[in-house]
1. Could you tell me which residue of the range 61-89 is least open to solvent (accessible area, probe 1.4 Å), considering only residues that are of a type in the set (D, E, K, R) and closer than 16 Å to ALA146 by Cα?
2. Please pick out the residue among ALA106, ALA113, ALA72, ALA96 that is more than 12 Å from the chain's Cα centre (by Cα) and of a type in the set (A, V, I, L, M, F, W, C).
3. Identify the single condition in (1) within 22 Å of THR115 (Cβ to Cβ); (2) small (Gly, Ala, Ser); (3) touching a residue at least 24 places away in the same chain (Cβ under 8 Å) that ALA40 does not satisfy, given that it satisfies every other one.
4. Can you tell me which residue among GLN120, GLN140 is polar (S, T, N, Q), farther than 21 Å from GLY28 by Cα and out of contact with any Asp or Glu (no Cβ under 7 Å at 6 or more places or on another chain)?
5. Would you mind stating whether ARG90 is in contact with a helix residue (DSSP H, G or I) (Cβ under 8 Å, 6 or more places away or on another chain), outside any loop (DSSP other than H, G, I, E, B), modelled with pLDDT under 95 and within 22 Å of ALA176 (Cβ to Cβ)?
6. Among the acidic types (Asp, Glu) and surrounded by 14 or more Cβ atoms within 10 Å (Cβ to Cβ): which single residue out of GLU183, GLU144, GLU190 fits that description?
7. Mind checking which residues of the range 93-140 are of a type in the set (D, E, K, R) and modelled with pLDDT of 95 or more?
8. Could you list, in sequence order, the residues of the range 150-169 that are exposed (fewer than 12 other Cβ atoms within 10 Å of the Cβ) and either touching an Asp or Glu at 6+ places or on another chain (Cβ under 8 Å) or of a type in the set (A, V, I, L, M, F, W, C) (or both)?
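The values are calculated or read from the model by the stated rules, or taken from the named source; none is laboratory data. Everything numeric in this text was worked out from a predicted model, so none of it was measured. Note that we place each Cβ from the backbone using ideal geometry, even for glycine, and neighbour counts take in every protein chain shown. Keep in mind that these areas ignore ligands, DNA and RNA; they rest on the heavy atoms of the full protein, side chains included. Shrake-Rupley method; radii C 1.70, N 1.55, O 1.52, S 1.80 Å.
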Amino acid sequence: MTTKRGRPRSFDRDAALAQATLLFWRHGYEGTSISDLTAAMGISPPSLYAAFGDKRTLFTEVVDRYGDTFGAFMNKALDEAEDARAGFARMLREAAVSYTDPQHPAGCLVISAATNYSTQTADIEQSLRGRRVANVKSFQQRLEEARADGALPRETDTRALAVFFAVVVQGMSQQARDGASTEELLSVAEYAMAAWPQPAAS
């Protein structure tokens with residue numbers, strides 16, 4: 001008795017996922033149709049559903065993949081820097097470079113992919129909002145650690161400062177999509193870091 005095996009996929013799943021990432025990044029969730037996806041990924045609708053599930057499930061996988069690849073620079077910069085100020089400065093510099101890289105769509109997928117949404121896709125917008133809120137909380141945690149270490153004044157409002165850096169990052173993403181250059185965004189990063197509160201001289 002022989003055991004039947006499923007037919008092997010006739011496409012490279014990772015390559016197909018990469019194409020879906022670029023499409024959602026460029027056009028957003030609402031602006032990307034199943035037909036757009038199958039054309040870009042080079043697969044049929046049945047193959048898409050079999051390999052990735054529905055459009056929402058595929059988008060979730062795309063966003064996870066983005067966070068582990070293109071978007072990984074944010075946490076990496078904050079985790080690897082010798083101090084918080086250096087970490088935030090590196091994060092903003094790398095955002096300027098990443099968001100304007102001509103090898104992929106401009107800006108940040110998590111920031112821009114659900115700019116326009118309907119009541120039917122409000123859950124997508126809420127999911128991306130949740131990721132952005134998590135980033136702010138991560139910023140605040142690092143800033144609180146810096147305040148505890150004396151790298152920030154004791155009276156620093158770490159919540160407000162975390163929101164400030166999130167606003168800068170999100171604004172850089174939008175400006176990149178509007179055509180701002182790497183050099184312009186690097187200058188924005190420098191101006192933003194000038195707002196870093198200085199500890200009182202001992």
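1. The initial filter retains those residues of the range 61-89 that are of a type in the set (D, E, K, R), namely 61, 64-65, 68, 76, 79-80, 82-83, 85.
Filter once more, keeping what is closer than 16 Å to ALA146 by Cα: 79-80, 82-83, 85.
Numbers: ASP79: 103, GLU80: 107, GLU82: 171, ASP83: 68, ARG85: 95 Å².
This residue is ASP83.
2. Numbers: ALA106 fails: more than 12 Å from the chain's Cα centre (by Cα); ALA113 fails: more than 12 Å from the chain's Cα centre (by Cα); ALA72 fails: more than 12 Å from the chain's Cα centre (by Cα).
Of the residues listed, the single one that is more than 12 Å from the chain's Cα centre (by Cα) and of a type in the set (A, V, I, L, M, F, W, C) is ALA96.
3. ALA40 satisfies every listed condition except (3).
4. Details: GLN120 fails: farther than 21 Å from GLY28 by Cα.
One residue alone meets the criteria, GLN140.
5. Working: in contact with a helix residue (DSSP H, G or I) (Cβ under 8 Å, 6 or more places away or on another chain): yes; outside any loop (DSSP other than H, G, I, E, B): yes; modelled with pLDDT under 95: no; within 22 Å of ALA176 (Cβ to Cβ): yes.
When the stated conditions are applied, ARG90 does not pass them.
6. Every option except GLU144 fails the conditions.
7. Keep residues of the range 93-140 that are of a type in the set (D, E, K, R), which gives 93-94, 101, 123, 125, 129, 131-132, 137.
Those that are of a type in the set (D, E, K, R) and modelled with pLDDT of 95 or more: ARG93, GLU94, ASP101, LYS137.
8. Result: ALA160, single match.
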